[in-house]
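The values are calculated or read from the model by the stated rules, or taken from the named source; none is laboratory data. Since the structure is predicted, the reported quantities are computational estimates derived from the model, not experimental observations. In this analysis, Cβ positions are derived from the backbone assuming ideal geometry, glycine residues included, and neighbour counts consider all displayed protein chains. Only protein heavy atoms, including side chains, enter the accessible area calculation; ligands, DNA and RNA are left aside. Shrake-Rupley method; radii C 1.70, N 1.55, O 1.52, S 1.80 Å.
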Amino acid sequence: MSLVNNAVAGNNEVKEGSTTGIKGLENVAPLTCSMEEIPDPVPAEIQGTIPHWINGSLLRNGPGKFEFGDNHYNHWFDGMALLHKFKVEKGQVTYTSRFLHSDTYKRNSERDRIMVSEFGTVAMPDPCKNIFQRFFSRFEMIKPTDNCNVNFVKYKGDYYVSTETNLMHKVNPENLETMEQVDWSKFIAVNGATAHPHYDPDGTCFNMGNSYGAKGTTYNIICVPPERSVAEETLQGARILCSIAPANKSHPSYYHSFAMSENYVVFIEQPIKIDLMKIVTCKIRGKSFGDAVYWDPKLETILHLIDKHTGKVRSRQASQGLTHLNLTHIMCTCLPKVSPVKYYTKAFSNFHQINAFEEDGFLILDLCCSDNGAAINIYSLQNLRKSGEALDEVYNNMARVFPRRFVLPLHVTDDTPTDQNLNTRPSSTATCVKKSHIRMFCQHENLHGDDLAQYGGLEFPHINYERNNTKPYRYFYGCGFRHMFGDSLLKMDLNDKTLKVWYQKGLYPSEPVFVPSPNAMEEDDGVILSVILSPSQDKGTFLLVLDAKTFEELGRANVPVNMPYGFHGVFSASA
């Protein structure tokens, strides 16, 4: 094993936003191959020590089947959801996996062909239908998939698997069996929701979802109560806290997640856009949803702040010092003398937030950002399965993702001066300038040193969520991306912007999940769990356990299985 702390793990330097630098990338096609489920627990072989205080399960989600019969999916996001469980108890580990038995999976399996369209693959007309049926089927709206392959989420104490449509599935975390399908639209007027909700300490859950109607699109902030009235409840009591009009209703922004501080939901309206006309006509044109998603670098990014307690979008009142900065015309009429104000910044794309918190009259927003939004379409299976110079070229034409901080002043009045930096936080280089009575322009500061570029930037960020979500914090963790998939684990110290790194050539870690130790006194008292894959070694999978403080390896649990590279997961502590 190679462990690198505060050092460089290679000589190939990749600067922020660069398009060249890496040669001889390893073929990672085996990480995008279909796998078999393993429903019976497989014991792991332990190397080193798995701390006995870890008692629970790492639940992971991601695509695990990429073809049915002669039909093949086109995009990494399209594969059938394969759920994984690493159960950790008294220093021992077992592994199980099951395919999500969604309606999509069952329909595809019964016909042995792709029957339901996914993000990058459109289901073609059924050849068993006659020519007239096939012709007219092209004019039907594509129905949303329930292939929930993105994340495990929790509502009212129950575990669900989710994607970005309106359909989720409740899952039994003990045996990964698929339970009931749940439709967001049965409870509130949304056509989907993200797979990255946020939680208040009392269990209240916040999420976001779009509504599509005759008048165009609205972005909706969703609130789900923390408790059930009866055992059978799912999303009962969910409500739309606030609706926001897009800058362009026929071309709303795509978003994968959002941020949340103690008092605000923060929505990033970015220049990754969705052409709704292309969505409506994609079946007629024989094109997938992905064909309707595009990057427009000419647009700016807009940061929306929504008060979690009132549902009002933040706005500036002439008569008060600390008021609400209204980013839309929605809900403005109930406030006296309101002037709409918006936070703008340069074009960037964002999939995952690190944290957000309020301090000294500012909202601090930490994000993983890229200066190019074309990454969604780059992750086609055709690209991921390339090798040699062709694979190098794909990777080197991707913009890197780096952690950035925005500092948004919350105290804005008519008397606030224009054309000067309102960020008075010591040692912070972020700026926010009032350009007019309705416009605030923000510039970020980097949350990293120059050495991060040599690891390919950082994505899949995690923090000590239970302790520090919506609060000031010092550490975050992520994957370094010197390949199409993460190839290192990183720990960032915000006090001095230094890195600790775990890296071993030829191994590809999943997102790091922080698990606090019992009676933890410090923010990084605990362990990092990550599933490590090897495309060159058959059945070389293992669960890695790192000391979160030192980033040194404590142990690994070797499991004789192959796994595809997945997306997200959670640690579920045992009672």
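Taken over the stretch 377-502, the alpha-carbon convex hull comes to 159 cubic angstrom per residue.
According to the Cα-based calculation, Rg over Rh for the chain is 0.95, with Rh computed by the Kirkwood formula.
Each of 446, 224, 277 was placed along the dipole of the chain (beta-carbon charges, centred on the mean Cα), and the one lying farthest toward the positive end is 277. Relative to the current alpha-carbon distance between residue 466 and residue 538, full extension at 0.36 nm per residue lengthens the span by 22.3 nm.
Using C-alpha pairs below 8 Å separated by at least 6 residues, the relative contact order for the stretch 433-532 is 22 percent.
Only one residue of 567, 71, 198 has its Cα farthest out toward the positive end of the dipole of the chain, where Lys and Arg carry +1 and Asp and Glu -1 on Cβ, and that residue is 71.
In this Cβ point-charge picture (+1 for Lys and Arg, -1 for Asp and Glu), the stretch 59-121 has a dipole of about 380 debye about its Cα centre. Counted residue by residue at 0.36 nm each, then reduced by the alpha carbon distance between them, the extension gain from residue 451 to residue 525 reaches 24.1 nm.
If R0 is taken as 56 Å, the Cβ-Cβ distance between residue 29 and residue 414 corresponds to a FRET efficiency of 0.40.
With protein chains left intact and a 1.4 Å probe, residues in the chain average 40 Å² of accessible area per residue. When 200, 112, 487 are compared by accessible area at a 1.4 angstrom probe, the order from most to least is 112, 200, 487.
Along the axis of the charge dipole computed for the chain (Cβ charges of +1 for Lys and Arg, -1 for Asp and Glu, origin at the Cα centre), the listed residues 184, 397, 101 are led at the positive end by 184. How high is the relative contact order of the stretch 184-282? Use alpha-carbon pairs under 8 Å, at least six apart in sequence, and give a whole percent. Once normalised by length, the contact order is 23 percent.
Once the Cα-Cα distance is subtracted from the 0.36 nm per residue extended length, the residue 236 to residue 177 segment shows a gain of 19.0 nm. A simple charge model with +1 on the Cβ of Lys and Arg, -1 on the Cβ of Asp and Glu and nothing else charged puts the dipole of the chain at about 1620 debye relative to its Cα centre.
Distance between the modelled labels on residue 55 and residue 228, one decimal in nanometres: 2.4 nm (7 Å Cα→Cβ projection).
Computed about the Cα centre, the dipole magnitude for the stretch 24-104 is approximately 420 debye when only Lys and Arg (+1) and Asp and Glu (-1) carry charge, each at its Cβ.
Report, in listed order, any pair from 273/298; 497/549; 154/549 with a Cα-Cα distance greater than 22 Å. Intermediate values should be presented prior to the final figure.
Values: 273/298 12 Å; 497/549 15 Å; 154/549 28 Å.
Table pairs above 22 Å Cα-Cα are 154/549.
Rolled with a 1.4 Å probe across the full set of protein chains, the surface gives residue 250 an accessible area near 60 Å². Counting only protein heavy atoms and a probe of 1.4 Å, the accessible surface of the chain is 50% carbon and sulfur. Structural descriptor for the stretch 421-465: relative contact order 23 percent, calculated from alpha carbon pairs under 8 angstrom and at least 6 residues apart. Between the stretch 466-512 and the stretch 165-220, the alpha-carbon centres lie 28 Å apart.
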